[in-house]
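Where a number appears in this text, it was derived from the coordinates with a stated rule and is not lab data. Computed from a predicted structure; not experimentally measured. Positions of Cβ are generated from backbone atoms using ideal geometry, with glycine treated the same way; all protein chains shown enter the neighbour counts.
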Amino acid sequence: MELKETVKYLAGLNGTSGDEKDVTEAIIALLPKDAEYKIDPLGNLIVEKKGKTRPKSKLMIDAHTDEVGFIVTNINSDGTLSFDAVGGILPYVVFGRQVKFKNGVYGAIAGVPLHLLEGEGKDSQPKIFDLCIDIGAKSREEAEKSVQQGDCAYFTGEQFDFGDGFMAGKALDDRAGCAIMLELMKKELPYDCTFSFSVQEEIGTRGAAASAFSINPDIAVVLETTTACDISGVKGEKRVCELGKGPVVSYMDKGTVYNRQLYKLAFETAKEIGVQCQTKTAVAGGNNSGAIHKAAGGVRTTAVSLPCRYLHSPCCVIKESDLYETVKLAEALIERLGSLES
Amino acid sequence: MDIPKILEQLCGLGGASGGEEKAHETVLKLLKSYIPNVKADNFGNITGFSEGDEKKPLVLLEAHLDRIGMIVTKIDEDGFLKVSGMGTDRRTLLAQSVTVYCGDKTVKGVISTLPPHLSTDSSKAPKTEDIAVDVGMTKEKAEQIVSLGDLVLIDGRFSRLRDTRVCSPATDDRAGVCAVLYALDLLKEEKELPVRLAVLFAAQEEVGCRGSKIAAFNIAPDYAVAVDVSFAQSKGVDYPQAGELGKGAMIGIAPSLSREISQKLIKIARDKEIPYQIEAMSGTTGTDADSITVAKGGVSTGLISIPQRYMHTPCEVVDTEDIKWAGMLMAEFVKSI
């Protein structure tokens, strides 16, 4: 499968934090024959891929398999489902969406129509606790035939291409990173690498904490998506980073002060190989780096991220060119990082 | 007629207010299978007439063809499209995928949304000026393809929920169109009807019941029944008039409607054991029935409403049994005159 198709295929699968099994199994089916893998007790998929030689510093490459979604917290007497978000989802992108359960049941995220509200109610965004999922059941008993408490619900909607080389869809965070790791594994890498397809990033970078401990790397590269705000009416540094300007390498976010040596090396490498590369103009967000750099006595860590609009929504947007540039930069970085002294 | 299947086909068609022609080809074809004389007028309305003795009374069955959408009002310096609402619930718009209808072409896009670091108060609903469509193009490129005034529809699947309930951004009022088609389906076996039939699938209901005003004048029926959707009870709804999903079509009683027709519909429902509910309103109805009643010298008009949850959101829910019962009511009404 071509990289872009792999991204779409993986993003179309459903796997919230703690429910990543379908995604992990699909990735295993796509692994190259020469890769050895194991699944740890949390569900992390850890893959050893031999390169031409052993690196001086042990390398871990990480992307997370989980996505944001919803979990059923109660089945109400009227047959509707109370629910909560798994991971950070803004109330703006919840009401009025259609969702799907893994057993093929569809539902509407329901609230009170605008016409039936008065005063301030009309200008308020309903909170998740004020909404429910309607699967068309008329009673609790009927609903229980389709859905159980603890079942996860997913945004519906196709992955699609639009505009000048843009791609949209749910779960590009971080199936794009997973697809890039698969793409890297197709190549003959200069050094042995351990790839971690990590679970439970969205609820606090939990999977990678465990996989980093077991892998015990010297250096880690996290492949992620990061918030871009290059949208209508947003100017200057508030745009944070922009689509079409290549991978994003951060110096700091809410979870990590990134290793300075690796940060510089990433930009030098990008320059040498002629890949556009940018940093963020804000200290915001976080990713598995936050867990990995503190694990196993400390790991020098860098993150290479795809700029992504509308993160954690039914329609994340990335640019195709950034996807391919990120692969190039990641590959070149592996070559340089493997030769660093541990 | 397979109601869910036809409804799915109808909900899959475009046709925002003022752009109803996107639904014309399919709807004309569906209508023509029941009624020979069908046409679309210059205002986006579709009309159809049965053949028969001109002395017989003319009965109009009506539903509106348009669906809620948005209209492009500006292409900004970043190439994003600013839009104006036309009835869409702005609390449900952000990060939705959309289709922009640009002449013969369509362009896909995503309604942009601010990330957490810039959305200071997420308890406030977005304002219309916050809504911008990302079409992934520069201003120059967008201007070559998109024009001001182009219409935008929210993409959204037609989902079958449990049992006979369905969910789509377009059940208002494709459910009504489906009910009228079902009534015609029930009537097609009748050897001779006591009336001549007119059918109107009206344009521009959502922006002020305009298409029906024009078409009802031209049709000049003796009696009319309009079918639209109306509020159904759902979690959090505190609205005594709201109907219940799956409990029958709602027969309207309102000062603006013909009380005789309302009573006749109720009697028919009782006699024929068709499930129904009453929707009593205190003035006008907010549907095309209002404009049809005052067309030309006045038309005796009734209103049947299909109970609907989550009106004007991309996940409007109806029960297809209610559509069936609305169609049965109309068919029996036609036969009873």
How big is Rg to Rh over the stretch B:156-246, alpha-carbon atoms, Rh as the Kirkwood inverse-mean-distance radius? 1.02
Between the alpha carbon centres of the stretch B:59-124 and the stretch A:244-296 the gap in Å comes to 35 Å
With charges set only on the Cβ (+1 for Lys and Arg, -1 for Asp and Glu), what does the dipole of the stretch A:13-57 come to about its Cα centre, in debye to the nearest 20? 500 debye
In the protein assembly as shown, with Lys and Arg counted as +1 and Asp and Glu as -1 at Cβ, which of these residues, A:A295, B:G109, A:F101, has the Cα nearest the positive end of the dipole, that is, farthest along it? A:A295
Counting all Cα-Cα pairs in the stretch B:44-138, those more than 14 Å apart amount in percent to 74 percent
For chain B, what is the mean residue ellipticity at 222 nm derived from helices alone (per DSSP H run of n ≥ 4: -39500 (n - 2.57); sum divided by total residues; nearest 500 deg cm²/dmol)? -8500 deg cm²/dmol
Rg over Rh, two decimals, the stretch B:262-337 (C-alpha only, Kirkwood Rh): 0.99
Karplus-derived HN-Hα couplings along the stretch A:18-33 (A = 6.51, B = -1.76, C = 1.60, θ = phi - 60°), whole Hz, x at Gly and Pro: x, 9, 8, 3, 4, 5, 4, 5, 5, 5, 4, 5, 9, 5, x, 4
In a Gaussian network model over chain B where Cα atoms closer than 10 Å are linked, find which of B:E316, B:E54, B:E20 has the largest mean-square fluctuation. B:E54
Could you go through the stretch A:63-70 in sequence order and give the Karplus-derived ³J(HN,Hα) for each residue, using 6.51 cos²θ - 1.76 cosθ + 1.60 with θ = phi - 60°, rounded to whole Hz, and x for Gly and Pro? 8, 9, 8, 7, 9, 6, x, 10
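Give me the percent of DSSP beta bridges within chain A that run antiparallel, rounded to the nearest 5.
Expressed as a percentage, antiparallel bridges in chain A total about 65.
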Report, by chain and number, residues whose modeled amide H sits under 5 Å from the one on B:N37, excluding near sequence neighbours (fewer than 5 apart, same chain). B:F49
In what sequence do A:I133, B:I145 fall when counting other Cβ within 10 Å, fewest first? B:I145, A:I133
Measuring from label point to label point, each 7 Å out along Cα→Cβ, what is the A:A29 to B:A280 span in nm? 6.0 nm
After finding the eigenvalues of the alpha carbon gyration tensor for the protein assembly as shown, what semi-axes result from the square roots of 5 times each, listed largest first in whole Å? 55, 24, 20
Selection from B:T301, B:G286, B:T320 lying farthest towards where the dipole of the stretch B:276-337 points positive, charges on Cβ: B:T301
When averaged across all projection directions, what area in nm² does the alpha-carbon convex hull of the stretch A:103-256 cover? 15.3 nm²
Which of A:S57, A:S250, A:S77 moves most in a GNM of chain A, Cα contacts under 10 Å? A:S77
Taking amide hydrogens as modeled 1.01 Å from N in the peptide plane, which residues meet the under 5 Å criterion relative to B:T88, leaving out close sequence neighbours? B:G69
Cleavage-rule hits (trypsin sites (Lys or Arg not before Pro)) in the stretch B:277-326: DSSP loop, at most 14 neighbouring Cβ within 10 angstrom: B:K296
Computed, not fitted: 222 nm per-residue ellipticity of chain A from DSSP H runs ≥ 4 (each -39500 (n - 2.57)), nearest 500, equal to -7500 deg cm²/dmol
Normalised convex hull volume, the stretch A:73-156, alpha-carbon set, Å³ per residue: 94 Å³
With point charges of +1 on the Cβ of Lys and Arg and -1 on the Cβ of Asp and Glu, referenced to the Cα centre of chain A, which listed residue (A:L262, A:L340, A:G87) lies farthest in the positive direction of the dipole? A:L340
Whole-Hz Karplus ³J(HN,Hα) for the stretch A:242-250, in order, using 6.51 cos²θ - 1.76 cosθ + 1.60 and θ = phi - 60°, x for Gly and Pro? 10, 5, x, 10, x, x, 9, 10, 9
Taking only Cα atoms of chain A, the Rg to Rh ratio with Kirkwood Rh works out at 1.00
Cα extents of chain B along the three principal axes, largest first, in whole Å? 64, 41, 36
